[in-house]
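The values are calculated or read from the model by the stated rules, or taken from the named source; none is laboratory data. Computed from a predicted model, the values in this text were never measured in an experiment. Glycine also receives a Cβ, built like all others from the backbone with ideal geometry; neighbour counts cover every protein chain displayed. The area values use the complete protein model at the heavy-atom level, side chains included, leaving out ligands, DNA and RNA. Shrake-Rupley method; radii C 1.70, N 1.55, O 1.52, S 1.80 Å.
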Amino acid sequence: RQKQLDRMVAVKVMRVNGAKDPAFAERFTREARALAKLDHENIVSIHDFGQTEGRFFLIMEYVDGANLRQAIRTRSVEPGEALEIVPKICQALQFAHDQGVVHRDIKPENILISRGGRVKIADFGLAKMMGPGERGDTLTQEGMTMGTPRYMAPEQMDNPQEVDHRADIYSLGVVFYELLTGEVPMGRFAPPSQKVEVDVRLDEVVLRSLAREPELRFQNVSEVRTEVETIVRD
């Protein structure tokens, strides 16, 4: 509880000890300020940041609800609900991309659903800054794995420091497939419409998002949103 404002918040403490890694302090401050500017209804807000006893921390909006992993495990998300959730994720990601921020760790655990049904993307701890003058540093240490293997774009595995916003589109495709089918697409996998009863047009949206080559995917996440909303309206 943040006593001054009498509200519940979430506190994330970084593992890195700033006293032992001075360069991290500069990166943390610069990027925490950038992330705090991601003011969007579908992105968890950062209220403040700082350090204590050499440990850096973020004070963030507390979302009273569950993440998509929990919903998938309990099979409480129907395909129709997935078509409502995905456009909201797209809105948040497009906003972040427009601000020069690539999330790089989109997965069910990092997508929260409040008790009121609001979708929120959380945990920009692996975010990469793509704006003018940015060096592509992250809040992680050099050499750390940038993402979660089953949700990472192929290029993210090979050269994590060089990925762009299209890596988020691939990860979104994995989440979308999992929301529809309850399974993570791995190796040779069937289109969603062969697993569950959904509009066959969704196959193209999901499979194009999951293209191995970035240039074959949707080039902007807003395109995914447009395709999904068009299918829902028809």
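Each Lys and Arg adds +1 at its Cβ and each Asp and Glu adds -1 at its Cβ; summed about the Cα centre, the chain shows a dipole of about 740 debye.
Arrange the residues Arg217, Arg115, Arg188 by how much accessible surface each exposes, largest first, with a 1.4 angstrom probe.
Values: Arg217 0, Arg115 190, Arg188 240 Å².
Heavy-atom accessible area, descending, gives Arg188, Arg115, Arg217.
Dimensions of the chain from C-alpha coordinates, computed as largest minus smallest value along each principal axis and given longest first, are 54, 41, 28 Å.
Summing +1 for each Lys or Arg and -1 for each Asp or Glu among the other residues whose beta-carbon sits under 9 angstrom from that of Val174 gives +1.
Ignoring ligands, DNA and RNA, what percent of the accessible area of the chain is carbon or sulfur (1.4 Å)? Display every interim value, and only then the final one.
Values: 5590 of 11980 Å².
Roughly 47 percent of what the probe reaches on the chain is carbon or sulfur.
Based on protein heavy atoms only, the chain ends up with 51 Å² per residue of surface accessible to a 1.4 Å probe. With all protein chains in place and ligands, DNA and RNA left out, the 1.4 Å accessible area ranks His97, His103 as His97, His103, largest first.
Distance between the modelled labels on Val9 and Arg150, one decimal in nanometres: 3.4 nm (7 Å Cα→Cβ projection). Between Ser171, Leu112, Asn42, the Cα set farthest toward the positive side of the dipole of the chain (charges on each charged residue's Cβ, about the Cα centre) is that of Leu112. Based solely on its DSSP helices, what 222 nm [θ] is calculated for the chain when runs of n ≥ 4 H residues each add -39,500 (n - 2.57) and the sum is averaged over all residues, nearest 500 deg cm²/dmol? It comes out at -11000 deg cm²/dmol, rounded to the nearest 500.
If we sort 74-81, 27-34, 166-173, 1-8 on the protection proxy, mean other Cβ atoms within 10 Å, highest first, what's the order?
My ranking of the peptides, most packed first, is 166-173, 27-34, 74-81, 1-8.
Suppose R0 equals 35 Å; then what is the FRET efficiency for Glu215 and Met186 from their Cβ-Cβ distance, rounded to the nearest 0.05? Working shown, then result.
Working: r = 23 Å, r/R0 = 0.65.
Taking R0 as 35 Å, the efficiency between Glu215 and Met186 is 0.95.
Relative to the dominant Cα principal axis of the chain, helix 221-233 is inclined by about 40°.
Structural descriptor for the stretch 1-84: relative contact order 31 percent, calculated from alpha carbon pairs under 8 angstrom and at least 6 residues apart.
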